[in-house]
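S.K.: Quick one: the structure is below, questions incoming.
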Amino acid sequence: MSAKKIPYKMYLSEEEMPSTWLNLKAFMPRSHAPFLDPATGKPCSAAQLEQVFCRECVEQELNDTDKEIEIPQGIRSFYTNFRPSPLVRAYFLEKALDTPAEIYYKFEGNNTSGSHKLNSAIAQAYYAKQQGLKSVTTETGAGQWGTALAMACAFYGLDLHVFMVKTSYEQKPYRMEVMRTYGASVTPSPSVTTSAGRKILAEFPGTGGSLGCAIAEAVETAVNTPDCRYVLGSVLDHVLLHQTVIGLESKIALDKYGVRPDIVIGCVGGGSNYGGLIAPYMAEKLQGKNDIDFVGVEPASCPSMSRGRYAYDFCDSAKITPLAKMYTLGCAFMPSPDHAGGLRYHGMSPIISKLYHDGYMRVEAVRQTEVFAAAERFAKCEGILPAPESSHAIKVALDEAIKCRESGQKKVILFGLTGTGYFDLAAYKSFNDGNMKDYVPTQSDLDRGFASLPSL
Ligand SMILES: *Cc1c(COP(=O)(O)O)cnc(C)c1O
């Protein structure tokens with residue numbers, strides 16, 4: 001129990017904000033397996049990766065020795081525009097649940113893009129500008145990443161071309177309008193502007209697209225455009241690195257009040273917010289200094305870790321990216337189009353995959369209707385309308401707090417509230433109307449995805 005009275009919002013001053021990111025890989029006994037070039041089966045060189053990604057990001061991607069990496073002043077000054085983000089003691093939720101648990105959440109939705117993705121978008125746009133590039137390309141699914149990157153590119157004066165998964169493009173026209181307002185050009189994917197898009201359209205006419213397909217189109221466009229690179233909003237090590245600002249700020253604030261979490265919960269799509277949230281605490285666990293229960297939460301409709309394989313796979317469905325060793329459902333796995341959240345990626349961060357494989361964390365898979373029920377329960381007492389993705393973490397945080405009520409245990413729970421759900425009201429409507437369905441893939445659905453795993 002802490003001595004000082006804990007306020008509802010535990011803000012930090014600008015001076016207290018972290019000046020370095022934490023490189024979790026430097027604490028891992030062994031780093032994860034390297035990216036492989038699919039043509040040769042050999043590890044990718046920095047030079048190869050630099051044809052696709054910004055130079056500084058490649059350096060960070062391959063750095064597994066420096067424990068701390070300085071956040072350049074240009075990025076820190078933009079961070080002050082929307083950070084530090086509030087760390088909230090969920091007093092209202094604790095009371096509503098009648099639980100002896102202490103519940104804390106780190107809220108990353110307090111910026112126009114509405115999610116944590118701005119933390120890495122601003123870093124990647126900064127490095128692209130430093131390198132003298134003129135433009136970047138990317139893909140976006142639900143639209144948070146595209147919006148965050150559009151804000152970042154507007155700030156640094158870079159052109160941005162976004163490939164947006166067609167179903168989202170059609171369901172979320174306002175998201176697209178936010179991106180265009182910040183100056184980005186947006187193309188629904190699959191499109192006829194790339195050979196990857198044309199190939200998928202020929203094979204699956206009328207398809208609503210997928211993240212993997214949009215990635216392939218964005219990479220192809222970057223490689224074929226002068227002074228242009230591709231940037232990615234999740235999965236890769238340098239994205240997790242940038243997101244460690246979430247965990248570092250959380251720990252600085254909690255340490256001030258002598259609070260130590262017993263359990264840290266986050267949603268996992270590609271693993272970036274979760275990797276960032278857990279980083280400082282996981283670094284301690286890797287050194288044998290704590291025994292925190294780390295829980296990643298994924299949708300039962302796209303169970304990359306709980307039912308996936310730990311194997312080398314492509315990061316995209318057109319099979320043009322390097323191979324990453326990760327938990328995956330196979331790059332041909334097609335998630336249900338009914339699913340609302342943006343956690344529908346077939347693979348998982350290689351860092352998170354390795355931590356899970358080595359037993360440092362566990363995973364829970366939850367169903368969509370129980371996620372929305374948890375979201376509404378949370379919204380009613382804490383006020384924030386949560387993103388469906390974030391609500392996966394809420395669901396498990398509620399379960400843990402209820403277990404504490406039943407057992408009388410006073411656990412300290414920390415979870416990541418990654419964003420707001422204002423652009424997800426069609427999904428809330430379907431839940432409120434009672435029309436939302438739970439989709440859980442059968443083993444034969446999964447086997448079709450596994451059949452697409454490359455043989456090495
Ligand atoms: C993108 C997104 C996620 C999932 O991405 P990760 O890389 O797993 O963090 C979670 N929540 C929100 C609000 C998002 O926009």
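The values are calculated or read from the model by the stated rules, or taken from the named source; none is laboratory data. Nothing here was measured: the structure is a model prediction, and the numbers come from that model. Here the Cβ is made from the backbone with ideal geometry for all residues, glycine too, and neighbour counts use every protein chain on show. Just the protein is used for accessible areas: all its heavy atoms, side chains included, with ligands, DNA and RNA removed. Shrake-Rupley method; radii C 1.70, N 1.55, O 1.52, S 1.80 Å.
S.K.: Out of the residues in region 90-145 that are out of contact with any strand residue (DSSP E or B) (no Cβ under 7 Å at 6 or more places or on another chain) and among the basic types (Lys, Arg), state the one that is nearest to the ligand (Cβ to nearest atom).
M.R.: Lys117
S.K.: When both residues are 6+ apart or on different chains and their Cβ atoms are under 9 Å apart, which pairs have a first residue that lies in region 428-441 and is without any contact (Cβ under 8 Å) to a residue 24 or more places away in the chain, and a second that is open to solvent by 80 Å² or more (accessible area, probe 1.4 Å) and part of a helix (DSSP H, G or I)?
M.R.: Asn435/Lys429
S.K.: Restricting to region 165-216, and then to whatever is open to solvent by less than 60 Å² (accessible area, probe 1.4 Å) and of a type in the set (D, E, K, R), can you tell me which residue is nearest to Cys153 (Cα to Cα)?
M.R.: Per the criteria, the residue is Arg175.
S.K.: Another question, if that's okay. Please go through (1) under 30 Å from Ala401 (Cβ atoms); (2) free of Cβ contacts under 8 Å to residues at least 12 places away in the same chain for Glu50 and return the number of the only condition it doesn't satisfy.
M.R.: (1)
S.K.: Restricting region 157-190 to residues that are modelled with pLDDT of 95 or more and aromatic (Phe, Trp, Tyr), which is farthest from Leu118 (Cα to Cα)?
M.R.: Among them, the one singled out is Phe163.
S.K.: Determine whether region 339-354 contains at least one residue that is open to solvent by 10 Å² or more (accessible area, probe 1.4 Å) and more than 16 Å from the ligand (Cβ to nearest atom).
M.R.: No - not one qualifying residue is present in region 339-354.
S.K.: Ok, one more. List the helices (runs of 4 or more DSSP H) inside region 47-131, counting only whole elements, that have at least 2 residues being open to solvent by 20 Å² or more (accessible area, probe 1.4 Å) and under 21 Å from Gly247 (Cβ atoms).
M.R.: Helices (runs of 4 or more DSSP H) meeting the threshold: 73-82.
S.K.: Looking for something away from the ligand (no atom under 16 Å from the Cβ), of a type in the set (Gly, Ala, Ser) and touching a Gly at 6+ places or on another chain (Cβ under 8 Å) - is there at least one such residue anywhere in region 301-314?
M.R.: no
S.K.: A follow-up question, please. One residue is enough: does region 229-242 have a residue meeting the conditions away from the ligand (no atom under 16 Å from the Cβ) and either open to solvent by 10 Å² or more (accessible area, probe 1.4 Å) or touching a residue at least 40 places away in the same chain (Cβ under 8 Å) (or both)?
M.R.: Yes, some residue in region 229-242 is away from the ligand (no atom under 16 Å from the Cβ) and either open to solvent by 10 Å² or more (accessible area, probe 1.4 Å) or touching a residue at least 40 places away in the same chain (Cβ under 8 Å) (or both).
S.K.: Mind checking which pairs have a first residue in region 123-141 that is more than 17 Å from Val235 (Cβ to Cβ) and modelled with pLDDT of 95 or more and a second that is open to solvent by 20 Å² or more (accessible area, probe 1.4 Å) and among the β-branched types (Val, Ile, Thr), Cβ under 8 Å, 6 or more apart or different chains?
M.R.: If the second residue must be open to solvent by 20 Å² or more (accessible area, probe 1.4 Å) and among the β-branched types (Val, Ile, Thr), the pairs left are Ser135/Thr225.
S.K.: Condition test on Gly209, is it touching a helix residue (DSSP H, G or I) at 6+ places or on another chain (Cβ under 8 Å), away from the ligand (no atom under 13 Å from the Cβ) and not β-branched (Val, Ile, Thr)?
M.R.: yes
S.K.: Tell me the residue from Ala216, Ala253 that is more than 16 Å from the ligand (Cβ to nearest atom) and modelled with pLDDT under 95, please.
M.R.: On inspection, the qualifying residue turns out to be Ala216.
S.K.: Hey, can you tell me all the residues within region 303-320 that are of a type outside the set (Asp, Glu) and surrounded by 24 or more Cβ atoms within 10 Å (Cβ to Cβ)?
M.R.: Ser304, Met305, Gly308, Phe314, Cys315, Ser317
S.K.: A further question on this structure: Take the conditions open to solvent by less than 10 Å² (accessible area, probe 1.4 Å), modelled with pLDDT of 95 or more and in contact with a Phe, Trp or Tyr (Cβ under 9 Å, 6 or more places away or on another chain) and apply them to Ile246. Does it pass?
M.R.: no
S.K.: Search region 268-284 for residues that are more than 9 Å from the ligand (Cβ to nearest atom) and pair each with any residue that is hydrophobic (A, V, I, L, M, F, W, C) and in a loop (DSSP other than H, G, I, E, B) when their beta-carbon atoms are under 6 Å apart and the residues are at least 6 apart or on different chains.
M.R.: Matching pairs, first to second residue: Tyr281/Ile292.
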